[in-house]
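The values are calculated or read from the model by the stated rules, or taken from the named source; none is laboratory data. Here the structure is a predicted model, which means the values were calculated and not measured. Cβ placement follows ideal geometry from the backbone for every residue including glycine, while neighbour counts extend to all protein chains displayed.
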Amino acid sequence: MRMNTDKALDPDFANRPETETDDRLVATADLAHAFGVSDRTIRRWCKSLALPNERLRSGHRRYRLRDVRNWYRSAQEGDHRT
């Protein structure tokens with residue numbers, strides 16, 4: 001079940017200009033859907049490609065859109081932080 005259907009997480013969100021929703025936290029499943037990958041791939045990117053994330057007390061990861069956008073843009077430029 002997908003929780004977010006708004007345009008903040010459409011597949012092209014990382015290429016759009018920043019908005020006030022960029023400070024919002026999103027779940028792993030929502031981010032995976034936006035990138036067209038599995039939840040497991042998102043978790044792998046956190047470990048191997050330093051995708052920024054925050055952990056809730058429950059242990060679940062959340063991703064701030066601003067951080068994801070900056071990470072994605074630097075990855076496109078070849079500036080991987082491994």
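Details
- Unmet criterion (only one of (1) at pLDDT 70 or above; (2) of a type outside the set (Gly, Ala, Ser); (3) outside any loop (DSSP other than H, G, I, E, B)) for Leu51: (3)
- Among the residues of the stretch 25-40, the one identified as of a type in the set (Val, Ile, Thr), surrounded by 15 or more Cβ atoms within 10 Å (Cβ to Cβ) and either within 20 Å of Ser74 (Cβ to Cβ) or modelled with pLDDT under 90 (or both) is Val26.
- Qualifying residue in the stretch 34-45 (condition: under 18 Å from Arg16 (Cβ atoms), under 11 Å from the mean Cα position of the chain (by Cα) and charged (D, E, K, R)): no
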